[in-house]
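Scroll down for the structure; my scribbles are underneath it.
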Amino acid sequence: MATKILIPKLHPREHTFPDPHCASEEGLLAWGGDLNSDRLLRAYEQGIFPWFNEGDPVLWWSPDPRLILYPCAIKISKSLAKSLKHFEIRYDTCFETVMRQCWQTRLQKGQNSWISEALIEAFCDLHVKGFAHSVETFFEGALVGGLYGLHLGGMFCGESMFSIRRDASKAALVGLCRKIDALGGDFIDCQLPTDHLKSLGAIEISRETFLGFVRKTLTQKTIQAWNNPVSSEPLEALKL
């Protein structure tokens, strides 16, 4: 017989969360609240993130295991290395466009998406405040891929990526690893395990270990500015 688990509802005005260790077996921790930028910031600082289908209540997660990627551990295959020669990577030049492309690309594929106008508004606010960032892949001057997320302490919390040209999102991930490594970052939070990200070097760790990593990096490292000049350095030349 299945065991019923009571999932707490968040207070509509208070930005507090239950202990992440109290999440269900699937990782569901709480529901409700809103996508206010301050609430989002408090969530990610505790290893919690929103994930839900549009039209459903906001669901908050802290899964076990967790998937992370060390910037120096990304795997670049021979075919990817060839593709990288044709791309240019830029940072924070079109943040909102990247979010909307991630949203629209999923919808065009018939997939559900947690990205909404409310989430875009909140993340754009966090972008202005220096927390949210995008990595963009350009081919012959056109945007063909990218990703976005939050940079807190020494961790980057990856949210979503898109690609309209082969290997464009992988190139953005390589560019992200370069950026986080250059800033002295510790790891990239990839959230839920996928075979695709594992093939690129991401590994599974327990929730307990992950939450320890989060506490440590937020305590020991401050947020670094991303205001470096736009890069056009060939990605295949990177030494990660």
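Any read-out appearing in this document is the output of simple, stated calculations on the displayed coordinates, not a laboratory observation. These numbers come from a predicted model, not from an experiment. Because the Cβ atoms are built from the backbone with ideal geometry, glycine has one as well, and the counts that use them run over all protein chains shown.
In vacuo Debye scattering of the chain, one point per C-alpha: log10 I(q)/I(0) at q = 0.13, 0.16 Å⁻¹?
-0.78, -1.20
Just flag the trypsin sites (Lys or Arg not before Pro) in the stretch 1-76 sitting in loop per DSSP whose Cβ has no more than 16 other Cβ atoms within 10 Å.
K4, R13, K75
Between the alpha-carbon centers of the stretch 69-126 and the stretch 129-191, tell me the distance in whole angstrom.
One Cα centre to the other: 6 Å.
Using a Gaussian network for the chain with springs between C-alpha atoms less than 10 Å apart, which of these wobbles most: A171, A182, A23?
Between A171, A182, A23, it is A182 that shows the largest mean-square fluctuation.
Mind listing the long-range amide H neighbours of F156? Cut-off is under 5 Å, sequence gap 5 or more, other chains count too, H placed in the peptide plane at 1.01 Å from N.
Distant-sequence amide H within range of F156: F187, I188, D189.
Can you compute the modelled spin-label distance between S199 and E121, with each label point 7 Å from Cα toward Cβ, in nm?
Going from the S199 label point to the E121 one covers 3.9 nm.
My understanding is that a pair violates if its Cα-Cα distance is over 27 Å; which of K85/K129; K82/K129; K85/K179; K78/K129; K82/K216 do that in this structure? If you can, show how the numbers build up before the last one.
On the way: K85/K129 33 Å; K82/K129 36 Å; K85/K179 18 Å; K78/K129 38 Å; K82/K216 37 Å.
In this structure, K85/K129; K82/K129; K78/K129; K82/K216 exceed 27 Å between Cα atoms.
Would you calculate a helix-derived [θ] at 222 nm for the chain, using -39,500 (n - 2.57) for each DSSP H run of n ≥ 4 and dividing by the full residue count, to the nearest 500?
Dividing the helical sum by the residues of the chain leaves -9500 deg cm²/dmol.
Subtracting the Cα-Cα distance from 0.36 nm times the residue separation, let me have the gained length for E208 to N112 in nm, one decimal.
Here the segment from E208 to N112 would lengthen by 31.6 nm.
Give me the net charge for the shell around I115: Cβ to Cβ below 12 angstrom, other residues only, Lys and Arg +1, Asp and Glu -1. Please list the in-between numbers first.
Working: positive: R100, R106; negative: E54, E96, E117, E121, E159.
Local charge sum for I115: -3.
Which loop GluC sites (Glu not before Pro) in the stretch 1-57, with loop taken from DSSP, have no more than 12 other Cβ atoms within 10 angstrom of their Cβ?
Passing both the DSSP loop test and the Cβ count: E14, E25, E26.
At 7 Å along the Cα-to-beta-carbon direction for both S77 and W51, put a label point, then send me their distance in nm to one decimal.
Modelled inter-label distance: 2.4 nm.
Using the alpha-carbon atoms, what tilt in degrees (0 to 90, nearest 10) does helix 168-182 show relative to the longest principal axis of the chain?
80
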